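Report on the structure given below.
Taken together, the values in this text are just the output of simple stated rules run on the coordinates, not laboratory data. Quick caveat, the model's predicted, so the values are computed rather than measured. Note that we place each Cβ from the backbone using ideal geometry, even for glycine, and neighbour counts take in every protein chain shown.
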Amino acid sequence: MVSTFASMADFLAPAQASFPEGVGSVTLAHYLFVSVAMFTMGLIGFLTRRNLIIMFLCTEMMFQAAGIALIAFSRFYLHHTGQSFVIFVLTVAAAEAALALALVVLLFRGRESLNADQWHSLKG
Amino acid sequence: MSSLLVLLAPEIVLFITTCIVMIVGLWPKLEVRSLAMPIAGMGLLIAGVLAINTPANPESILPNIIPYAKAMTAGVGLLLVLLLAGTVDRSYEAAVERGELRFNPIHTNRAEFFAFFLFSLTGLMLCASATDLIWLFLALELVSLPTYVMATISTRKLRSQEAGVKYFFLGALGAAIFLYGFALLYGGTGTTNLIGIRDALAEQAASGGINPIAMAGIILSLIGISFKIAAVPMHFYTADVYQGAAAPVSAMLAFVPKTAGFIAMMGILAAVGWQYAPGGETLAADGVGTLPRSIYVTLAAIAVLTMTVGNVLALLQRSIKRLLAYSSIAHTGYMLVALIAGPSIAAEAGITSNGLGAVLFYLLVYGVTNIGTFAVVACLERPQPDGEADELDDLEDLRGLCRTRPVLGWVMVICALGLLGLPPLLGFWAKFLLFTSAISAGEIALVVILGLNSAIAAFYYLKLVTLPLLEEPEGDAPATTPFASRTFAGVLSAALVLLAIIPTGIVDAAMEAADRAGTIVPANIEAIERSITAEALRDEPTPIIDR
Amino acid sequence: MQTTTPQLAETIGALGLGAADTGAALEVATGPAWAMLIPMLPLLGAAIMGVCAIMGVRSKLPAWITVGLLGFSAVLAAAMYAWLPENGRAVSVAWEWINVSWGDEPGQTLKANFGFYIDSLTCLWMLFVTLLATLIALYASEYMSHDLGAGYCRFFAAFNLFVFSMACLVMGDNLLLLFLGWEGVGLCSYLLIGYHYKKHSAVFAAKKAFIVNRIGDLGLLLGVFLTFVHFGTLEYKDLFPMVQPYIEAMRQGAVGDIPAVVQLIPVLLMIGAFGKSAQLPLFVWLPDAMEGPTPVSALIHAATMVTAGVYLIARMYPLFLVSEWALPIVAWVGGLTALVAATIAMAQFDIKRIMAYSTVSQLGFMFCGLAFLSSVGGAFHVVTHAFFKATLFLCCGAVMHGFAGQLDLRKLSGVSFMKGWGIVGIAMFIGCLNLAGFPFTAGYFSKDMILAEAFITPGPGYQFLGVILLLTAGITAYYTFRVFFRVFVGPKQFEPGDELHGHDGHIDDHHEEHGSASRATEADEGHTPGDHEPMGGSVEERGKKTHEHPEHFHPHAPGWAINGVLATLAILSVLAAALYFFPGADKSHKGWAGGMISGSSAALVVGGEADHPTRLAAFVGAEPEQGTLFGQDPHKIMYYVSGVIGFVGIAIAFALHYAGRKESERSAANNLLQVKPIRTAHRWANAKWYVDELYDFALRKPLWAASQIFHLIDKLLIDGLVNLVGYLPRALGKGVRPSQSGVLHSYAAAMAGGLAVILLIVLLLSL
């Protein structure tokens, strides 16, 4: 177990370094923790909730987790690549949201329900 | 910048075509709306011709892939356009023609279909040109988003909507995973440019191993993209979606996202490189190597599980589309083996040892052959009480098809044998290259498993052969769709499977396309130096369309 | 060693040229390109027959085309003989056939051209093959006329194909082409035996012939394979010089220097020869092969194809000479076959079958001739036999054709005296004289050449074999004339067979034969044994009683084609004797045939005069013979001995079957059969020494039992395994299937789970 922790420390080694310009004691690792937490919460939400809209919002949360990581890395490396990536991610997320809402409307018409578990006629 | 525009010419053509198709689709007159298909086909044809003449892009991680990948996209796209003929709103359009209903552009989706389809193909082409993670992400999303819509609206049945909901939500999950992977990969290397990533990873590997964040990014990206290629553990949606969607859309789903996924995976793996020594993560001195160990183990496990799961589940199916869906999973597994084998970095690399070329060729062959089998399903239908015809999808419906519907029956027989890889059909050569590339890379265990799986696959492919060919037909001949172009698409693919006896030209093109993929090994520097110039590439025959 | 007797000089002459001119002798000239037309014309003919069949030709056109093409082939064969170069051998390559290389070393290239080796042996064989094929095709044009249409075309297509295959076999310049021809003639034989494919017995006979031949072919194939492995070539022109050192070693008595593999090759080739030439123990197929139409029996199963074994040994004679065992085995197998087949022939009633057994017997003589180092005798007998046996068969065929398939010698009598049957009778008589070895017939001379050698060639028990062969010669004379006296002379009586032309009779060609044979067997075991059933009553009455035939059956006499061919063949078989006296190219050998052999590979032996018998002595362990018999030229002695034996045989036949058959029950033959030992022997011989039953018991039954056991194993184990193999993936699939529950959330959970597992694995791997 000790070795595991040591390796976890190694794993986070690049992230432990603080940002180049003083953002106080907040390091890259903090942002990454937030990002991972968001991603995990999104995943857990996706797995546990049955409402299609909430499930979709959970995937949005996972997208935004990636966005946070990207911005943190961008700041860490002091260039704009990550930030511009985030712009595109947001755009795609918006497109996906439009698609999702249209889909949800269509699905609601079909089954009069937003429960994802209703859809299980195709299997095997 | 202008050079980039030259590279993107096919995509630009496709985009313009898409716009035209969308506008044409809103026209009140049926004759004009019917032009959507010819226009889409014309656009693809132009894009394909432009693609063949596209120069190599030295700034790309896969510098030579563009002409082959885009021409393949356009070629298979042409077959798919033929197959996609016939719309879900057939009864609505008929009612409008009879004057029973007023034309409402909202209710027609004849052209939307082709527009979405062309968008998806544009995304696929963009995947091939991608030099950057951002670009790759956008391209992959552009491939997928239209397909969600297409699957959902391909029929008016609830099963299509179910397919849509599963496909979309799980797809979004997959996208989130590979997006997070891309973010970590960026974090671990400090750049989103694939060549930059390649250099950074090589530097890290040379000085003590790849950064864990980058490694996590690679793994997450690969698993996320596994959704596109329908590999374990992201394969669950496949059968449900293929069964729920209309057969032409399923045929498209089996080719377009899969190809996009494989090209994206190739790009990422090319950035990682196949030059690591089997034991650790250092550069192999002798130029014989493989992927970093953890990636290798991950991919090998995925490959074995994918082909096995696909094949054993296909054995149990009664629905043709489900069977083909599981077989599509199995084919993904086969291709992963060659992907693991990678481009041969040994000095005496020959045509039979380039795994990436084998994958590219296999994708084309699989796409064409698969269209044939799906075309048969798309052509058979049964009138339903509600007036909308429904596809015949049961294996029993194939019984005696060679006698009742000889053309469709033989298309099914030939294409099933092609998928099985029977010599001398096209499928055999594709599989042959997979085997040889994997053997020359020393992946004997994987090759053995591949062989065993091919044997299992024979069980269910032979069902598709014996049922139409050897069994007596039962009852009346099944009805067929009024869309002749679907049959034409099937016949065309069967003819390709049958007639392209030894497709040397295409194989050479595929090998050419995979050349210099992510080359940083000293042994390969010579190869780079004597690599083909843009002029030579222009002369390169990529006879996907002319065949 | 002092030898001045002419026969030994002949032996040595036959064995080879002097050592000095080896180099020159083995040079091979380039043959003429038109030689390839000899096989190609029949092939063209086969193709034309196919076209005729498609076009639905219902005339005799196919026959005329065949006769024309084969005749042209025969002319070309004669031209080839005339062309024959000074040093005696040439190769003419039609095209490159197989040329596979897997290395630069010698022996790593498999080369087999579609090329023809032209030497006097080839010419000898091709001359009689093409000539007989032409004549018999002419005969068949009439004989098969009841089958005009598709069947006619089919017959002539196979006929042409046979000549093509035979030409490949004989003319091929390598063992692979020989093998191709070998298989080709086997296939055509199969097709033609099974010509009446709706008849059960014909199909069975065809299958039997094919299967028995496969055993021989396996031997041949192994032999060819070993030849290639050892010598690295299959082409005669390269092969024969390579054998020379071994012959030299044999000459020096250094048998130990010859590798075992080289000694094994001839033994394997020999098995092939025994299969094709119907020798013990593989002879059982030939009598059954008589199910085929008679022209086929005459051409394939008497004159040409069955001599392929003799040809093979003659062609590969150098290899046989370097083996210690090959030729003695050939001698003993040949001798015993000759005797066994002759005894069986004595007790048969079906005249065509008798001829078949006599063919087997005579083939035994030919093998003996080869084994007694008299390849001249063997080859000469092949030629004379081809003519007189074809004559005999075609006569039988004419009888069968005229009497509605009747072949039982108890039911025919005095055929020669019937109107229009004169030529048949005379031809038959000439054929019988030849076969019986009546003095001054061709058969007499050729048989003598073999018989005499038996007594002077040193070898294991060769003298005893000589006695056996003499006895066989006597038996041959007896059964030959038994047929003649019963069927062709005597009071005019007949009973038609049940095959009537024009009333789909051809479908069961000679069904009657089987019926009568089985009836005869029952009669034998039941009460009166004998080969003379009472023949009382008028023909018409019997016809009504036993068969549902029309009231008036008139045997139809042969037409001009059959008569013409029979006359020609009879004359040719008489003239064949002249070949014995006619001087050949090489004056030092007796007759034309000797000259033909001496210039070919059958004599391609380099050996000094004195050394040769020594080499045989080396493994016989005996002093070399003096080369004389009772102090005389053995051939001269044999003229008298075999002449007398022939007379005795004919006399016994006359006594039993002509003079003694007047009273049915009290006939001489029947009286003789009352003697217990003769009766038993007769019964055994009648039952063909139970060889078929022996095969049935020793091979078929155990094989059947074994197959049952294997079937059981197959069912339990293999099927079980296969089922398991089929079952495992399905079981696996059923195990995995629940994962495809169709529920979105379980999919998502499984995906996330999979992701987690993979990340865990990667983490563990990175530690």
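The table for this structure:
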{"read-out": "FRET efficiency, C:E96 to C:W34 (Cβ-Cβ, R0 25 Å, nearest 0.05)", "value": "0.85"}
{"read-out": "Qualifying trypsin sites (Lys or Arg not before Pro) for the stretch B:1-83 [loop in DSSP, other Cβ within 10 Å: at most 16]", "value": "B:K29"}
{"read-out": "Stretch gain in nm, segment B:D394-B:L30, where the contour uses 0.36 nm per residue and the Cα spacing is subtracted", "value": "127.7 nm"}
{"read-out": "Dipole of the stretch C:691-766 [Lys/Arg +1, Asp/Glu -1 at C-beta], most positive-end residue of C:L732, C:I761, C:W704", "value": "C:I761"}
{"read-out": "Linear extension gain, B:C19 paired with B:A301, 0.36 nm per residue minus alpha-carbon span", "value": "97.2 nm"}
{"read-out": "Dipole of the stretch B:2-519, positive direction: furthest Cα of B:P424, B:P146, B:M234, with charges on the beta-carbon", "value": "B:P146"}
{"read-out": "Relative contact order computed over chain B (Cα-Cα under 8 Å; 6+ residues apart), in percent", "value": "17 percent"}
{"read-out": "The stretch B:427-493 versus the stretch B:75-94: alpha-carbon centroid distance in Å", "value": "24 Å"}
{"read-out": "Of C:L110, C:L180, C:L135, farthest towards positive along the dipole that unit charges on Lys, Arg, Asp, Glu beta carbons give the stretch C:88-233", "value": "C:L135"}
{"read-out": "Length-normalised contact order for the stretch A:40-113 - Cα pairs under 8 Å, 6+ apart - percent", "value": "25 percent"}
{"read-out": "Cut-off 17 Å, label 7 Å out along Cα→Cβ of C:A731, residues of the stretch B:448-469 by amide N", "value": "B:456"}
{"read-out": "Overall form of chain B per C-alpha gyration tensor (a/c, 1.5; a/b vs b/c)", "value": "prolate"}
{"read-out": "Computed FRET value (nearest 0.05) for C:A651 with C:V75, which takes r as the C-beta separation and R₀ as 51 Å", "value": "0.70"}
{"read-out": "Global form of the stretch C:691-766, assessed from the alpha-carbon gyration tensor, a/c cut-off 1.5", "value": "prolate"}
{"read-out": "Whole-angstrom gap from the stretch B:373-420 to the stretch A:101-124, using each part's C-alpha centre", "value": "29 Å"}
{"read-out": "Computed label-point distance, nm, for sites C:E693 and C:A150 using a 7 Å Cα→Cβ extension", "value": "4.2 nm"}
{"read-out": "Cα-projected label distance for C:A567 with C:V229, points at 7 Å along beta-carbon direction, nm", "value": "5.8 nm"}
{"read-out": "Prolate/oblate/rounded label for the stretch A:40-113 (Cα gyration tensor, a/c 1.5)", "value": "oblate"}
{"read-out": "Pairwise FRET efficiency - C:W325 versus C:V722, Cβ, R0 = 45 Å, nearest 0.05", "value": "0.50"}
{"read-out": "Distance (nanometres) between label positions extended 7 Å along Cα→Cβ at A:A29 and C:V467", "value": "11.3 nm"}
